[in-house]
Amino acid sequence: SHRRVPDSSLLAYTERFVRLEGSGWRTGRIRWSADFAFADREFDPANSEDSHRRWQADTRFDVNWNRTWRMSGSAQWQFWNYRQESDANYDVANWRVLAEVRARAGNAVEIGGDLEWRLERPTQAEFTDNKYNQWAAGPVVLWTPSPAICAELAPRIGFRCYGAASLIYDDYSFWEIDLQTDIYPARVPNSAFTLTYFSETHDDRSRDIDVLYLAVALRLP
């Protein structure tokens, strides 16, 4: 893949990548899937310090215990290897584990919750203070009053904790809310709506961040 940005050569790059995916195998009631990806991204000489290689592996499972309960989970690993190290770009390994449990509450409603843990560790000793642990959890509500309508609401709260000696980053708590809807009536235009709000709270209030993302799609069959 190749990207050109007319007004900024710093953003232009060429990337060579390979992706492998597999799914569909079972062990008892558990369904498994996995994927692996490798990419070598080379930026233009004006921004060569951002050139890097990255590896990613992801394994997922789903299991339906009965007609009411189901559980899913995933484990993901990433490794970023920069060709030129700096205070902003340094080799780092990242792990993410997510577990989710849901239960049917009637024909149209599914209620559950998820728990996420993330861990990031720089590989060079001089950057280890930028390591962090992150926890996040929250409920999930899925509403499907008919096969043509689907809506999911997922609020979460969490906390990210950095190394005590980090000079760049600081600890923060956060909360977010995700709302997604899809409406697929037969033989007429269908639509999708996505709303995400994310808020970080730091001890230094000048570093607080609030992000709002909104997307609306209309599809013509």
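Quick notes
- Paramagnetic label zone (point 7 Å from Cα along Cα-to-C-beta, Trp32; backbone N under 15 Å) in the range 73-111: 73-76
- Note that the range 101-112 has calculated 3J(HN,Hα) couplings of 10, 9, 9, 6, 10, x, 6, 10, 10, 10, 10, x Hz, one per residue in order, obtained from phi through the Karplus relation 6.51 cos²θ - 1.76 cosθ + 1.60 (θ = phi - 60°); glycine and proline are x.
- One compactness figure for the range 1-141 is 1.37, namely its Cα radius of gyration divided by 2.2 N^0.38 Å.
- Contact order, relative form, for the range 149-221: 28 percent (alpha carbon pairs under 8 Å, 6 or more residues apart, mean separation divided by residue count).
- Counting Lys and Arg as +1 and Asp and Glu as -1 over every other residue whose Cβ lies under 9 Å from the Cβ of Trp143, the net charge comes to -2.
- Each residue of the range 66-71 was assigned a 3J(HN,Hα) from its phi angle through the Karplus expression (A = 6.51, B = -1.76, C = 1.60, θ = phi - 60°), giving 6, 5, 9, 9, 8, 9 Hz with x at Gly and Pro.
- Projection of the Cα convex hull of the range 64-161, averaged over all directions and equal to a quarter of that hull's surface, yields 8.5 nm².
- Taking every alpha-carbon pair under 8 Å whose residues sit at least 6 apart, the chain reaches a relative contact order of 10 percent.
- Gain in span if fully extended, Leu214 to Leu98, counting 0.36 nm per residue against the direct Cα distance: 39.3 nm
- Relative contact order [Cα under 8 Å, 6+ residues apart], the range 84-123, whole percent: 47
- When Arg53, Arg102, Arg156 are compared by accessible area of protein heavy atoms, the largest-first order is Arg53, Arg156, Arg102, using a 1.4 Å probe.
- Solvent-accessible area, 1.4 Å probe, carbon plus sulfur percent, for the chain: 58
- Table column - 3J(HN,Hα) (Hz), the range 11-18, Karplus curve with 6.51, -1.76, 1.60, x for Gly and Pro: 9, 7, 7, 10, 10, 10, 8, 9
- Stretched out straight at 0.36 nm per residue, the stretch from Ala12 to Thr181 would grow longer than its current Cα-Cα span by 57.4 nm.
The values are calculated or read from the model by the stated rules, or taken from the named source; none is laboratory data. Since this is a predicted model, take the numbers as computed values, not measurements. Because the Cβ atoms are built from the backbone with ideal geometry, glycine has one as well, and the counts that use them run over all protein chains shown. To get the accessible areas, we keep the full protein, side chains included, count just its heavy atoms, and leave off ligands, DNA and RNA. Shrake-Rupley method; radii C 1.70, N 1.55, O 1.52, S 1.80 Å.
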